[in-house]
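Each value in this text was obtained by applying a stated rule to the coordinates, not by laboratory testing. The structure displayed is predicted, hence computed values, not measured ones. Here Cβ is always computed from backbone atoms with ideal geometry, including for glycine, and neighbour counts include all displayed protein chains.
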Amino acid sequence: MAAGKERAAKRRNIIFHLPVYDEESGELLGHLVDITSSGLRLVSSSPISVERLFILRMELPEDYFVPGEIQLKARSRWTRPDVNPELSTTGFTLEEMTEEAEKVVARLVSMYAFND
């Protein structure tokens, strides 16, 4: 995020770390660790390239979501070492979300975020 620019939506930390895949390659990119209505953050075993547009496939808890996954278009904005030095963390902005995707993201925030 650019210096001096504040986040419009409060970041929410996820209780359960949901797996997120690069739909194009099928590779596991990382696990969801926080989310807002406009962005998300993944923790991964290696750095993710920045300013790249991804189609992310996120596995959802099947007990609460049908279908059990969602695709989101997101652009990687920054990456840095995680507090665990063996991991990296990457921030994404969500782009061109469908109404259904917006509902799923809002539900994820309300269901799986800590009340802070």
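Given a Förster radius of 35 Å and the C-beta distance between residue 55 and residue 111 as r, what FRET efficiency does 1/(1 + (r/R0)^6) yield to the nearest 0.05?
Numbers: r = 23 Å, r/R0 = 0.67.
Efficiency, from the Cβ-Cβ distance: 0.90.
Which residue, chosen from 26, 61, 81, occupies the Cα position most advanced towards the positive end of the dipole of segment 12-111, where the dipole is computed from +1 (Lys, Arg) and -1 (Asp, Glu) charges on Cβ about the Cα centre?
Toward the positive end, the furthest listed residue is 81.
So for segment 40-116, averaging the separation of alpha carbon pairs under 8 Å that are six or more residues apart and normalising by length, what relative contact order in percent results?
Values: 123 pairs, mean separation 25.0, N = 77.
Value for segment 40-116: 32 percent.
Please work out whether segment 13-52 counts as rounded, prolate or oblate from its C-alpha gyration tensor, where a ≥ b ≥ c are the square roots of the eigenvalues and a/c under 1.5 means rounded, while otherwise a/b larger than b/c means prolate and anything else oblate? List each step's numbers first, then the result.
Values: a/c = 1.73, a/b = 1.40, b/c = 1.24.
Note, shape of segment 13-52 comes out prolate.
What order do you get for 26-35, 63-72, 83-92 when each peptide is scored by the mean count of other beta carbon atoms within 10 Å, highest first?
Values: 26-35: 18.3, 63-72: 13.0, 83-92: 15.7.
Descending mean neighbour count gives 26-35, 83-92, 63-72.
So what are the ³J(HN,Hα) numbers for segment 18-26, from phi and the Karplus equation (6.51, -1.76, 1.60; θ = phi - 60°), rounded to whole Hz, Gly and Pro as x?
In residue order, the calculated couplings are 7, x, 10, 10, 7, 4, 5, 9, x Hz.
Could you tell me whether segment 12-111 comes out rounded, prolate or oblate from its Cα gyration tensor? Rule is a ≥ b ≥ c as square roots of the eigenvalues, rounded for a/c under 1.5, then prolate if a/b exceeds b/c, otherwise oblate.
On the way: a/c = 1.60, a/b = 1.39, b/c = 1.15.
Here segment 12-111 falls in the prolate category.
Could you calculate the contour length gain from residue 100 to residue 28, that is, 0.36 nm times the residue separation minus the distance between their Cα atoms, to one decimal place in nm?
Working: separation 72, 0.36 × 72 = 25.92 nm, distance 2.33 nm.
Value of the extension gain: 23.6 nm.
With labels modelled as points extended 7 Å from the Cα through the Cβ direction, what inter-label distance (nm, one decimal) is found for residue 45 paired with residue 80?
2.5
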